[in-house]
Amino acid sequence: MPTLKKIGVLTGGGDAPGLNAVIRAVVKAGCNAGLEVVGLEDSFDGLIYPEKARPLTPRDVTGILRLGGTILGTVNRGNPFLEPITTPEGTFDYAARVIEMFHRTKLDALVCIGGDGTLAISYEFHRKGMPLVGVPKTIDNDIAGTNSSFGFDTAVSFATEAIDRLHTTAEAHRRIMVVEVMGRYAGWIALHGGVAGGADVILIPEIPYDLEKVATCIRDRDEWGARFSIVVVAEGARARGGQVSLIQQARGAQPERLGGAGMQVARELEDRTGKETRYVVLGHLQRGGAPTAFDRTLATRFGGKAVELLLQGQFGVMVANHPPDIVPVPLGDVVGKLRTVPLDYDLVHTARALGVSFGD
Ligand code: F6P
């Protein structure tokens, strides 16, 4: 195995709080182990355009631990294997050009930090011979093979605070407050944020809902004197036999964009219960801001482990949180899979036992 001298680090897909903490850990651990570390801007574009690659030293990452976003920038535009790329040097097959530039830049390996899309792309590059390690990120917490990804705890904390604030105004006006949170295909944020915030109803993609059941739950609460209700809706939740609420259909490699689930639920609940209802969409606020202590720590552990694995020559793997350890799992075992909320998850049982309705 050739000795590693120079590694690249990139961030791809939608951002998540904690990306900078991973970059910092990779740069510090890498440089302390004698490696040169190159920061690649805008995901794999950092290999295509030489001006988007810059050396990173511990000096460059001082102070970024607590920052949201990513100092390297990111792109979320689907599958680069499908589109050719035009640069001042000509038009190229994207993947072939990335690999060519990887060798020209004299990089020995990459750390690719991203969600399911970026990890799938990384796996393809690995299969084409690029040595790399993946680091899972998503606020949605839906990457297979790891118990958690960084960004999730921050998103849940934000959603919890928002629900806390909505409680007081809902109670004052005796209204129904509907809160739409992110979660295209998995209801982790809705479930954890909903339980932590004391929501009365939690609607998640894994459990299609019946709004008459939700309305009954709200009427019951009125009867015993609560007279307000908090309903948390994941953006990917849908009525039984219905469709998800779309803003934009999937186009080519671009995934569909969801939106409107909270508004639909609010309108129908107002009609069914006769109670004044308002809705709030937390949207990208869930992805912004400083990472929580948990996410900073997890991101740092992921970054440190990624460098350790590269130094050991373990490529084509993703670092994963398997408490109490951070372990490598083969990328091939996780790409194309989704980690949804299991219906027998104890938090679902406990929430039900406490009287939370899932609308089923
Ligand atoms: O994957 C995380 C996520 O936050 C989803 O829950 C959401 O649907 C999506 O990203 C929105 O991403 P963007 O608006 O950046 O395309």
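The values are calculated or read from the model by the stated rules, or taken from the named source; none is laboratory data. Just so it is clear, the model here is predicted, and its values are computed rather than measured. Neighbour counts run over all protein chains shown; Cβ positions are idealised from the backbone, glycine included. Accessible surface is based on the protein model in full, side chains and every heavy atom, while ligands, DNA and RNA are left aside. Shrake-Rupley method; radii C 1.70, N 1.55, O 1.52, S 1.80 Å.
Summary table below
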item: DSSP-defined beta bridges in the chain - what % are antiparallel, rounded to 5; result: 35
item: Gained length - His167 relative to Glu212, 0.36 nm times residue gap less alpha-carbon distance; result: 13.9 nm
item: Principal-axis tilt of helix 94-104 within the chain, Cα atoms, nearest 10 degrees; result: 40
item: Contour excess over end-to-end distance, with Cα ends at Glu308 and Lys337 and 0.36 nm allotted per residue; result: 7.9 nm
item: Distance between modelled label sites at Glu256 and Arg174, nm, 7 Å Cα→Cβ extension; result: 3.9
item: Extended-chain gain in nm, criterion 0.36 nm per residue less alpha-carbon gap, Trp224 and Leu347; result: 41.8 nm
item: Region 213-287: GluC sites (Glu not before Pro) falling in loop per DSSP and having at most 15 other Cβ within 10 Å; result: Glu256, Glu276
item: Rounded tilt (10° steps) of 188-197 against the dominant C-alpha axis of the chain; result: 50
item: Degrees between helix 211-224 axis and first principal axis of the chain (Cα, 0 to 90, nearest 10); result: 60
item: Separation of alpha-carbon centers, region 266-296 and region 72-136, rounded to whole Å; result: 35
item: Region 106-206: relative contact order as a whole-number percent, Cα under 8 Å and 6+ apart; result: 22
item: Carbon/sulfur fraction of accessible area - region 220-321, other protein chains in place, 1.4 Å, %; result: 47
item: Normalised contact order of region 153-304, rounded percent, pairs of Cα under 8 Å and 6 or more residues apart; result: 31
item: Nearby aspartates and glutamates by direct alpha-carbon distance to Lys137 (threshold 12 angstrom, same-chain neighbours under 8 apart not counted); result: Asp15, Asp116, Asp153, Asp295
item: Rounded accessible area per residue of the chain, 1.4 Å, Å²; result: 43
item: Computed E for Gln243/Asp325 - FRET, C-beta separation, R0 45 angstrom, nearest 0.05; result: 0.65
item: Cα coordinate range in region 72-135, projected on the principal axes (Å, largest first); result: 32, 26, 24
item: Förster-model FRET efficiency, 45 Å R0, Ala196 and Thr57, C-beta, rounded to 0.05; result: 0.70
item: Cross-link table Lys6/Lys28; Lys106/Lys305; Lys28/Lys305; Lys213/Lys337, entries beyond 20 Å C-alpha to C-alpha; result: Lys106/Lys305; Lys213/Lys337
